[in-house]
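Data first, discussion second: the structure below is written as structure tokens.
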Amino acid sequence: MKIIKRDGRIVNYDRAKIIIAIEKANEEVEKKEKATPKQIEKIVDYIESLGKKRLLVEDIQDMIEFKLMEFKKFELAKRYIVYRYNRMLVRKSNTTDESILRLIRNENKELREENSNKNTALASTQRDYIAGEVSRDLTNRILLPEKIIKAHEEGILHFHDMDYFVQPIFNCCLINIGDMLDKGTVMNGKMIESPKSFQVACTITTQIIASVASNQYGGQSVNLKHLGKYLRLSKEKFEKRIKESDSSLTKEQIKKLVDERVQSELSAGVQTIQYQINTLMTTNGQSPFVTLFLHLDKEDEYLEENAMIIEEVLKQRYQGIKNEKGVYVTPAFPKLIYVLDDFNNLTGGKYDYLTRLAVKCSSKRMYPDYISAKKMRENYEGNVFSPMGCRSFLSPWKDENGNYKFEGRFNQGVVSINLPQVAIVSKGDEKEFWRVLDERLDLCFEALMCRHHALLGTTSDVSPVHWQYGAIARLEKGEKIDPYLKDGYSTISLGYIGIYETVKLLKGISHTDPEGKKLAIEIMKHLREACEKWKKETGLGFGLYGTPAESLCYRFARIDKERFGTIKDVTDKGYYTNSYHVDVREEIDAFDKLSFESEFQVISSGGAISYIEIPNMQHNLEAMEEVVKFIYDNIQYAEFNTKSDYCQECGFDGEIMINDDNEWECPNCGNKDQAKMNVTRRTCGYLGENFWNEGKTKEIKARVEHL
């Protein structure tokens with residue numbers, strides 16, 4: 001028999017350790033309360049008689065407590081529980097201490113390569129990670145119920161962002177940037193009045209972004225359409241000054257001079273946004289996790305100005321930003337989302353030129369992602385709005401005047417369920433699967449309510465930029481944020497991983513098979529119905545969220561492989577398939593993939609995105625344009641993942657290979673930092689976490705084989 005330790009290590013069963021643990025508890029009680037050697041032997045025999053190939057340490061301890069109670073050794077059972085708890089405190093302390101020390105020594109490879117916009121060698125970033133380790137420790141020991149912690153450790157669910165849970169801050173949001181620019185705001189105790197020019201509006205926007213990022217842990221989205229007004233103000237200001245300076249100028253001459261100055265200010269303002277976002281450091285020790293929403297609205301009086309802004313954003317993103325060696329590279333942020341509508345869907349519309357520029361940008365720089373206004377209106381009561389920075393979507397919500405509102409709203413947090421594990425423990429029995437699924441959904445609900453209750457009672461003083469000065473609300477000092485947590489104003493997200501593997505376990509086929517698809521849709525609808533039920537019971541904004549978390553796909557698969565062994569087409573891959581996505585190993589073209597996944601996006605209204613893996617398409621833009629046309633008519637939200645190696649250090653775009661030390665190395669400049677290179681997924685489409693298991697050559701080689 002093998003024993004699975006708390007840290008995931010697998011060791012041989014040792015009966016002596018059980019005996020020693022009970023005897024130590026025996027020493028703490030009176031003679032009549034002690035377990036006899038015969039009773040201890042019976043406990044050990046019982047555990048061994050189960051014939052299990054693998055057991056968790058926690059399960060063995062549960063059995064010991066149960067048997068002691070059965071022998072009516074209640075005081076001894078209590079002492080054993082206290083002993084077990086004290087050992088847990090020591091273990092947690094040691095684990096936290098060691099993780100912090102490894103972080104300071106920059107030895108934690110997992111953290112070092114976890115986040116593309118965090119440099120763990122920096123003191124400011126280390127401070128945030130140290131705080132995160134302390135938060136995680138307190139969350140595990142004190143803040144969450146033990147059954148939630150155990151479920152998280154066993155991979156039943158994933159309680160996202162434990163490293164921030166100790167603070168009353170939320171996940172991600174849509175900044176009410178229009179309100180903050182028009183009415184002014186306050187930062188660091190200083191009044192910021194409404195700007196009078198485009199350049200100043202861009203500067204203030206970046207300062208707001210940095211301040212917001214420092215006071216929440218998830219992403220944020222900014223709709224750039226609010227900047228069109230300020231570009232017009234600049235134009236009017238230039239026109240007035242030029243006319244006043246020289247009355248002899250003709251209309252054509254004035255227009256030319258005005259256009260030149262507007263273009264200069266436009267370029268400088270957009271450059272300010274791009275450079276500020278990539279050079280500012282938040283108090284989290286990272287660049288702001290921000291998405292820019294590029295949406296043209298036909299009813300917008302500043303439509304033409306906003307078209308100019310979007311064009312400049314795309315041009316500058318296509319060019320990239322120079323790194324320290326002077327090479328143009330693709331910045332991780334801001335992310336860009338471009339909206340396709342009936343006037344820019346490449347069928348002869350006025351703004352098709354912008355879409356062609358967006359496609360050209362995608363071919364080289366990965367972004368922008370694409371949203372179909374047509375499909376989104378079908379799915380969200382006629383509305384078009386940005387996902388939050390984490391790609392989760394808000395549910396439609398109306399204010400007291402009956403007007404839809406999206407900006408100035410947020411997400412309270414996420415808990416994700418491990419669907420393949422439900423199928424594994426059900427052993428292919430579909431009836432049992434539904435029973436276990438409901439049982440675990442109840443656990444997810446309890447975990448999500450922990451997130452909600454952790455925010456209740458928070459006052460606006462915790463983050464003035466959010467609650468007092470317009471990013472979310474304009475509350476008074478000391479006023480509670482509770483109304484914004486209720487009645488669907490903010491969302492709470494149920495994430496899910498592994499629809500493909502779940503169907504594979506229950507039916508033996510992919511969910512792209514008609515029979516498999518039927519079951520997959522049924523599972524998705526069941527998850528959605530659970531969210532709707534919770535919403536009715538609590539009045540809170542629960543949503544079903546297709547978590548775009550590749551690291552979680554790896555974590556769940558790793559835990560299940562350790563607990564249940566190697567299962568073909570499930571745990572043997574090293575990853576689970578993201579949400580409802582088609583498994584990367586399946587032969588399916590882009591159009592069929594998008595059509596198939598679009599049916600799942602409609603159900604997953606709390607967040608969904610589909611990916612299209614493509615080769616280097618810089619010389620085949622027409623093919624990409626055909627895909628973009630298809631996106632407009634068929635799916636709400638999609639992005640391209642280009643299949644080409646790329647080194648951000650030197651700009652090399654040839655094939656990056658593994659060197660003799662089992663490390664990726666750019667053949668041009670020798671860069672070995674994976675955070676600064678994009679490596680093509682080869683052979684099997686492995687989607688696991690992007691780091692080596694420390695000091696374990698065998699596992700490093702297995703990772704290399706995947707790639």
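Could you grab me the full set of residues in the stretch 327-341 that are assigned to a loop (DSSP other than H, G, I, E, B) and either in contact with a Lys or Arg (Cβ under 7 Å, 6 or more places away or on another chain) or open to solvent by less than 20 Å² (accessible area, probe 1.4 Å) (or both)?
Matches in the stretch 327-341: Thr330, Pro331, Phe333, Pro334, Asp341.
Among what's in the stretch 357-379 and is open to solvent by less than 10 Å² (accessible area, probe 1.4 Å) and farther than 27 Å from Ser395 by Cβ, pick the residue that is modelled with the lowest pLDDT. Give the derivation first.
Filtering the stretch 357-379 down to residues open to solvent by less than 10 Å² (accessible area, probe 1.4 Å) leaves 358-359, 361-363, 365, 368-373, 376.
Next, from what is left, pick out any that are farther than 27 Å from Ser395 by Cβ: 358-359, 361-363, 365.
Details: Ala358: 97, Val359: 95, Cys361: 93, Ser362: 91, Ser363: 87, Arg365: 82.
Looking at residues that are open to solvent by less than 10 Å² (accessible area, probe 1.4 Å) and farther than 27 Å from Ser395 by Cβ, I get Arg365.
Look through Ile492, Ile499, Ile481 and report the one residue that is surrounded by 20 or more Cβ atoms within 10 Å (Cβ to Cβ), over 30 Å from Asp182 (Cα atoms) and either out of contact with any His (no Cβ under 7 Å at 6 or more places or on another chain) or hydrophobic (A, V, I, L, M, F, W, C) (or both).
Among Ile492, Ile499, Ile481, only Ile499 is surrounded by 20 or more Cβ atoms within 10 Å (Cβ to Cβ), over 30 Å from Asp182 (Cα atoms) and either out of contact with any His (no Cβ under 7 Å at 6 or more places or on another chain) or hydrophobic (A, V, I, L, M, F, W, C) (or both).
Restricting attention to the stretch 479-528, and to residues there that are in contact (Cβ under 8 Å) with a residue 12 or more places away in the chain and out of contact with any helix residue (DSSP H, G or I) (no Cβ under 9 Å at 6 or more places or on another chain), which single residue is nearest to Val570 (Cα to Cα)?
The residue in question is Thr491.
Looking at the stretch 300-326 only, could you name the residues that are open to solvent by 10 Å² or more (accessible area, probe 1.4 Å), at pLDDT below 95 and under 29 Å from the mean Cα position of the chain (by Cα)?
Listed by number, the residues that qualify are Tyr318, Gln319, Ile321, Lys322, Asn323, Glu324.
List the residue pairs whose Cβ atoms are under 7 Å apart, where the first residue sits in the stretch 450-463 and is without any contact (Cβ under 8 Å) to a residue 40 or more places away in the chain, the second is crowded, with 19+ Cβ neighbours inside 10 Å and outside any loop (DSSP other than H, G, I, E, B), and the two are 6 or more positions apart or on different chains.
Leu456/Leu485; Ser460/Trp467
Is there any pair with a first residue in the stretch 550-570 that is without any contact (Cβ under 8 Å) to a residue 24 or more places away in the chain and among the basic types (Lys, Arg) and a second that is open to solvent by less than 10 Å² (accessible area, probe 1.4 Å) and assigned to a helix (DSSP H, G or I) whose Cβ atoms are under 6 Å apart and which are 6 or more apart or on different chains, and what are they?
Lys561/Thr571
Mind counting the residues in the stretch 187-217 that are in a loop (DSSP other than H, G, I, E, B) and either open to solvent by 10 Å² or more (accessible area, probe 1.4 Å) or more than 25 Å from Asp163 (Cβ to Cβ) (or both)?
The qualifying residues number 10.
So that you can scan it fast, the table gives a plain yes or no per residue for (1) over 26 Å from Arg555 (Cα atoms); (2) more than 23 Å from the chain's Cα centre (by Cα); (3) small (Gly, Ala, Ser):
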| position | (1), (2), (3) |
| --- | --- |
| Val436 | no, yes, no |
| Leu441 | no, no, no |
| Phe445 | no, no, no |
| Leu448 | no, no, no |
| Leu455 | yes, no, no |
| Gln468 | yes, yes, no |
| Ile481 | yes, yes, no |
| Leu494 | no, no, no |
| Lys504 | no, yes, no |
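Kindly indicate whether Ala131 is at pLDDT below 90, closer than 29 Å to Thr547 by Cα, outside any helix (DSSP H, G or I) and open to solvent by 30 Å² or more (accessible area, probe 1.4 Å).
It is false that Ala131 is at pLDDT below 90, closer than 29 Å to Thr547 by Cα, outside any helix (DSSP H, G or I) and open to solvent by 30 Å² or more (accessible area, probe 1.4 Å).
Looking at Ser93, Ser116, Ser99, which is the one that is part of a loop (DSSP other than H, G, I, E, B) and either crowded, with 17+ Cβ neighbours inside 10 Å or at pLDDT below 65 (or both)?
Matching residue, one of Ser93, Ser116, Ser99: Ser116.
Filtering the stretch 541-558 down to residues that are open to solvent by less than 10 Å² (accessible area, probe 1.4 Å) and among the aliphatic types (A, V, I, L, M), which residue is nearest to Met524 (Cα to Cα)?
Leu544
Within the stretch 342-356, track down each residue that is open to solvent by 30 Å² or more (accessible area, probe 1.4 Å) and closer than 18 Å to Leu224 by Cβ.
Tyr353
The values are calculated or read from the model by the stated rules, or taken from the named source; none is laboratory data. The structure presented is a predicted model; accordingly, all values stated were derived computationally and were not measured. Please note: Cβ atoms are built from the backbone with ideal geometry, for glycine as well, and neighbour counts cover all protein chains shown. Ligands, DNA and RNA are stripped out before the accessible areas are found, and what is left, the full protein with its side chains, is counted by its heavy atoms. Shrake-Rupley method; radii C 1.70, N 1.55, O 1.52, S 1.80 Å.
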